[in-house]
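Trainee: What follows is a structure written as structure tokens; I'll ask about it next.
The values are calculated or read from the model by the stated rules, or taken from the named source; none is laboratory data. What you see is a predicted model, and the numbers here were worked out from it, not measured in a lab. Backbone-built Cβ (ideal geometry, glycine too); neighbour counts: all protein chains shown. All accessible areas refer to the heavy atoms of the entire protein, side chains included, with ligands and DNA or RNA removed. Shrake-Rupley method; radii C 1.70, N 1.55, O 1.52, S 1.80 Å.
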Amino acid sequence: MSSSNSGAHGLAGRYATALYDLAEAESRLEAIVDDINALAGMIADSDDLLRLLRSPVISGKDQANAMAALSEKAGFDDLTRRFIGVVAANRRLFVLPDMISVFKELLAFHRGEASAEVTSATALSETQIKALSESLKKAVGSTVAVETVVDPDLLGGLVVKIGSRMVDSSLRTKLQQLRLAMIGIG
């Protein structure tokens, strides 16, 4: 089943679609999903890795060698390793975070899931994420894959984005609204 009907487009879309289609055809989708999630976590947690991906001054060979070593150390599936190798060989590592995002969108689309980005002031526990996912499932009417982001500037509350919809119940926004109302703008 081709993922071309999901609306993925652009450079990141072409690479992500190719990876998704290969993983599905080879019945290795779950292994690739685990690898992609692990890689996304590594990129999010390491400024050095992000610099490696984005730097035009690091040679393609050095980038490819670094990514091959990282893939080996992480124990990625052979398909994931080959994918990262092709991306590196084509000097497209700077697009890798977008490829990961599009891959996750394709996965959610094919699973009939909605994707939600939940931003909170502190990290949410697994229990909180599960309860939030259930609440969102009732509101949206389908399974919701929740991706969490921590932003200490929120002070408290949550900002939930599902597709083009956003619900901002953060303390920061409520304080801004109160401040504006007090000076007569809101």
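Trainee: Convert 37 °C to kelvin, take the viscosity as 0.692 mPa s, use the Kirkwood radius over C-alpha pairs of segment 5-79 as Rh, and evaluate the Stokes-Einstein diffusion coefficient in µm²/s, rounded to a whole number.
Mentor: 238
Trainee: For a protection proxy built on the mean count of beta-carbon atoms within 10 angstrom, sort 104-114, 124-134, 14-24 highest first, please. Write out the running numbers ahead of the final one.
Mentor: Values: 104-114: 17.4, 124-134: 12.9, 14-24: 20.5.
Most protected by this proxy first, the peptides run 14-24, 104-114, 124-134.
Trainee: Compute the accessible area per residue over the chain, keeping the other protein chains in place, probe 1.4 Å, unit Å².
Mentor: So the chain comes to 59 Å² accessible per residue, rounded to a whole number.
Trainee: Relative contact order for segment 1-153: what percent, with Cα pairs under 8 Å and sequence separation of 6 or more?
Mentor: Relative contact order, segment 1-153: 24 percent.
Trainee: Looking at the calculated P(r) for the chain, what percent of the C-alpha pair distances fall above 23 Å?
Mentor: Result for the distance tail: 52 percent.
Trainee: If you don't mind, there's one more thing I want to ask. With +1 on each Lys and Arg Cβ and -1 on each Asp and Glu Cβ, and nothing else charged, work out how big the dipole of the chain is about its Cα centre, in Debye to the nearest 20. Write down the numbers at each step before the final one.
Mentor: Details: 20 positive and 23 negative charges, 114 e Å.
Dipole magnitude for the chain comes out near 540 debye.
Trainee: Straight-line reach from LYS130: which aspartates and glutamates fall under 12 Å, measuring Cα to Cα and dropping same-chain residues less than 8 apart?
Mentor: Within reach: GLU147.
Trainee: Right, here's the next one. Take LEU11, project a point 7 Å from its Cα along the Cβ direction, then tell me which residues of segment 28-45 have their backbone nitrogen under 20 Å from it.
Mentor: Once the point is set 7 Å along Cα→Cβ of LEU11, 40, 43-44 turn out to lie under 20 Å by backbone N, inside segment 28-45.
Trainee: Quick one: pull the percent of accessible area on the chain belonging to carbon and sulfur, 1.4 Å probe, ligands and nucleic acids left out. Kindly include the intermediate steps, with their values, before the conclusion.
Mentor: Details: 5990 of 10960 Å².
On the chain, the fraction of accessible area on carbon and sulfur atoms equals 55 percent.
Trainee: Okay, next question. Specify, per residue and in Å³, the volume enclosed by the convex hull of the alpha carbon atoms belonging to segment 110-186.
Mentor: Once divided by residue count, the hull of segment 110-186 is 96 Å³.
Trainee: Okay, moving on. Which residue, chosen from GLY75, GLY163, SER125, occupies the Cα position most advanced towards the positive end of the dipole of the chain, where the dipole is computed from +1 (Lys, Arg) and -1 (Asp, Glu) charges on Cβ about the Cα centre?
Mentor: Towards the positive end, the residue furthest out is GLY163.
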